[in-house]
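The values are calculated or read from the model by the stated rules, or taken from the named source; none is laboratory data. Just so we're clear, the structure is a prediction, and the values are computed from it rather than from any experiment. Quick reminder, even Gly has a Cβ in these numbers, built from the backbone with ideal geometry, and neighbours come from all protein chains shown. For the accessible areas, the whole protein counts, side chains as well, though only heavy atoms, and no ligand, DNA or RNA atoms are used. Shrake-Rupley method; radii C 1.70, N 1.55, O 1.52, S 1.80 Å.
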Amino acid sequence: MYLFYRSLTTGPSYFLVMGVFLLVFIASCKDSAQELNNTKLNKPNIIIIVTDDAGYSDYSFMGSKISTPNIDKLSESSFVFPNFYNNGRCSPTRASLLTGHYPQKVGVGELSRPSTETTLPGYLGFLSLAYTTLAEILQNRGYHTIMSGKWHLGGQKTGRINEESKWPLQRGFDSFYGILGGTVRSHFQPSLGDRYMYNNEMVPVDIYDSDYYSTDALTDHILESLDENFSEERKPFFAYMPLFAPHLPLEAPEILVDKYRKIYSIYDDLLDLKRSRLEGLKSEGLVDSDVLPNLELYSSSKRLSHESKVTAMATHAAMIENVDNNIGRLISQLKRSGQYQNTIIILFSDNGVSANGISDIFNSPFYGRKGMLWEGGIKAPLIVSWPELNDRKRIVKQAWHVMDVMPTILDITGREDKSLTGRSFKSVLEEKKPSSEYYIDRDFIFWSDRKLSAGINKDGMKWIRVDSLGNFLYDLRVDPTELNNLKEEQPAIVQEFRRRFNIHRKENNVESFNVVQNSRLVN
């Protein structure tokens with residue numbers, strides 16, 4: 001209900017809204033009671049928090065200078081997956097998370113927006129209605145489903161017939177506060193173009209408080225929704241919290257920005273920050289002691305002034321600290337309500353940092369950024385807190401993919417769906433001694449994004465193909481930062497990757513980018 005309904009608590013509008021709420025409440029009491037009787041209250045609650053464009057090593061326990069005490073404390077009793085992979089960009093990662101499939105399989109091979117829509121099955125420009133979402137399944141299993149944040153899976157075309165069928169409430173969520181698109185114009189001041197929604201209604205932009213900040217507001221909606229669930233429905237809940245931060249525009253409370261500007265301005269060579277982050281990762285056992293940082297820079301980074309980089313880094317860091325503050329608020333409420341022990345919290349980023357000049361540092365120790373298939377673009381640490389199962393930090397070196405989250409949750413809450421492309425890692429969470437070595441549990445994992453393709457095989461070999469540059473091949477077991485291209489030494493492995501990738505393309509609706517571009521519809 002957040003700010004939209006809070007703004008109506010004066011004058012005649014208040015009584016109108018409260019009257020509607022009362023009628024809805026009375027009408028739903030009988031159904032709610034029946035649902036409660038049919039619900040197993042000992043099922044674990046599920047919270048998934050997805051940061052937007054956060055860096056691989058942005059948390060202080062991973063060597064950064066950013067203050068993240070709440071995330072650090074959470075990690076101390078969590079499973080930490082340092083080799084967790086996303087899809088490198090916003091919409092494709094979200095599609096895999098909510099369906100358990102490769103993004104092209106479910107129509108999201110590109111960013112979801114009206115201008116990218118085609119009739120190609122892998123590039124619809126929205127999440128295919130033919131596939132069931134995680135929220136829909138959990139809803140059917142008796143969960144109260146809440147979403148607060150960035151949808152970015154379609155439904156943005158104003159006034160088009162049946163566009164509402166692509167919205168969160170029509171895809172399994174009981175409540176939704178956030179935006180349908182991919183970014184906001186400001187984290188401070190919502191505008192009409194942002195199209196903030198509360199459930200299926202657009203929120204007027206003139207009702208927001210002057211101290212509005214996106215991460216605070218999105219957390220407020222989750223907290224208020226959980227309060228209502230605790231006091232009324234008492235169902236197990238699934239809360240999906242895809243934040244806007246630290247996605248551009250880089251904006252944060254100035255007091256926090258100044259704090260980090262002072263920290264970063266003392267560095268003459270900002271790459272020293274990348275080196276120090278790597279040392280932090282080594283001290284935590286998240287990477288091996290002999291790993292070297294990839295210090296390659298983007299050409300655009302070299303054009304930025306030192307002062308501009310410091311300001312951008314300081315603002316990004318301030319946004320991450322604010323995210324941490326809000327995660328602390330969420331954990332505190334769970335503990336006050338007695339729900340913390342029975343709640344699984346899952347935290348990761350949808351891709352690496354995007355802004356040139358800071359991605360060189362914040363995706364340490366890797367090369368790559370959002371939209372690229374080097375490790376800095378597609379690898380983000382996964383934190384899984386499950387207090388009833390685990391009370392200390394366990395590092396899982398085995399590689400997993402974002403499409404594996406849904407089958408894992410389904411496995412935990414009832415029954416795994418074997419038809420999904422992803423695989424459950426519930427058994428890994430139940431192991432007393434998780435894997436300490438890098439490997440994947442399947443023959444291949446693949447990526448395809450515009451003119452880039454990549455894959456990793458069960459032996460830890462990684463292949464990247466860039467249309468304009470050719471092939472790259474790395475052995476991630478001994479070269480996790482992708483310093484040594486082995487394509488000339490291992491041509492047979494490159495050829496095998498390309499052969500298997502062609503099979504993957506046919507099975508998952510992957511098309512060449514030229515075909516996709518030429519197939520876009522006129523909107």
Q. Can you pull the percent of the range 407-448's accessible area that's carbon plus sulfur, 1.4 Å probe, other chains left in place?
A. 42 percent
Q: Compute the normalised compactness of the range 51-99: alpha-carbon radius of gyration over 2.2 N^0.38 Å, N being the residue count.
A: 1.30
Q) Using a simple charge model, +1 on the beta-carbon of Lys and Arg, -1 on the beta-carbon of Asp and Glu, nothing else, what dipole does the chain show about its Cα centre, in debye to the nearest 20? A) 940 debye
(Q) How would the range 162-236 be classified by its alpha-carbon gyration tensor: rounded, prolate or oblate, with rounded meaning a/c under 1.5 and the a/b versus b/c comparison settling the rest? (A) oblate
Q: Provide the net charge surrounding residue 512, with neighbours chosen by a C-beta distance below 15 Å and charges set as Lys +1, Arg +1, Asp -1, Glu -1.
A: +3
**Q.** Reciprocal mean inverse distance between Cα atoms of the chain - Kirkwood radius, Å
**A.** 23.6 Å
Q: Using a 1.4 angstrom probe on heavy atoms only, work out the carbon and sulfur share of the accessible area of the range 339-389 in %.
A: 43 percent
Q. Quick one: length gained pulling residue 254 to residue 206 fully straight, 0.36 nm per residue minus the C-alpha distance?
A. 14.9 nm
**Q.** Ranked by how many other beta carbons lie within 10 Å on average, peptides 67-78, 233-244 from highest
**A.** 233-244, 67-78
Q) Which shape class, rounded, prolate or oblate, goes with the range 390-443 when its Cα gyration tensor gives a ≥ b ≥ c as root eigenvalues, a/c under 1.5 marks rounded, and past that a/b bigger than b/c marks prolate? A) oblate
Q. Using Cα atoms only, what is the angle between the long axis of helix 90-99 and the major principal axis of the chain, expressed in degrees (0 to 90) to the nearest 10?
A. 70 degrees
Q.
Is there a quick way to get the dipole size of the range 441-523? I mean about its Cα centre, with the Cβ of Lys and Arg at +1 and of Asp and Glu at -1; what is the value in debye to the nearest 20?
A. 360 debye
(Q) Counting heavy atoms of the protein chains only and a 1.4 Å probe, report the per residue accessible area for the chain as a whole number of Å². (A) 40 Å²
Q: State whether the range 185-285 is rounded, prolate or oblate according to the following rule on the C-alpha gyration tensor (a ≥ b ≥ c being the square roots of its eigenvalues): a/c under 1.5 gives rounded; otherwise a/b larger than b/c gives prolate, and the remaining case gives oblate.
A: oblate
Q: Return a whole-number percent for the relative contact order of the chain, with Cα pairs under 8 Å and 6 or more residues apart as the contact set.
A: 23 percent
Q: Rank by packing, highest mean first: peptides 59-66, 497-504, with packing defined as the count of other Cβ atoms within 10 Å averaged across residues.
A: 59-66, 497-504
Q: Can you tell me the 0 to 90 degree angle between the C-alpha axis of helix 12-37 and the longest principal axis of the chain, rounded to 10?
A: 70 degrees
Q.
Using 0.36 nm times the number of residues separating residue 141 and residue 160, minus their current alpha carbon distance, what extension gain do you get?
A. 3.6 nm
Q) What part of the accessible area of the range 275-328, given as a whole %, is carbon or sulfur when the probe is 1.4 angstrom? A) 48 percent
Q: Set the Förster distance to 30 Å, then compute FRET efficiency between residue 489 and residue 279 from the Cβ-Cβ distance, nearest 0.05.
A: 0.50
Q: Find the centroid of the Cα atoms in the range 167-231 and in the range 315-363, then give the distance between the two in whole Å.
A: 18 Å
Q | Furthest towards positive pole of dipole, 249, 267, 438, structure part the chain, Cβ charges | A | 438
Q: Output the pairs from 166/393; 166/458; 150/235; 105/157 with a Cα-Cα distance over 27 Å in this structure; if there are none, say none.
A: 166/393; 166/458
Q) Ratio of the range 347-437's C-alpha Rg to 2.2 N^0.38 Å, to two decimals? A) 1.25
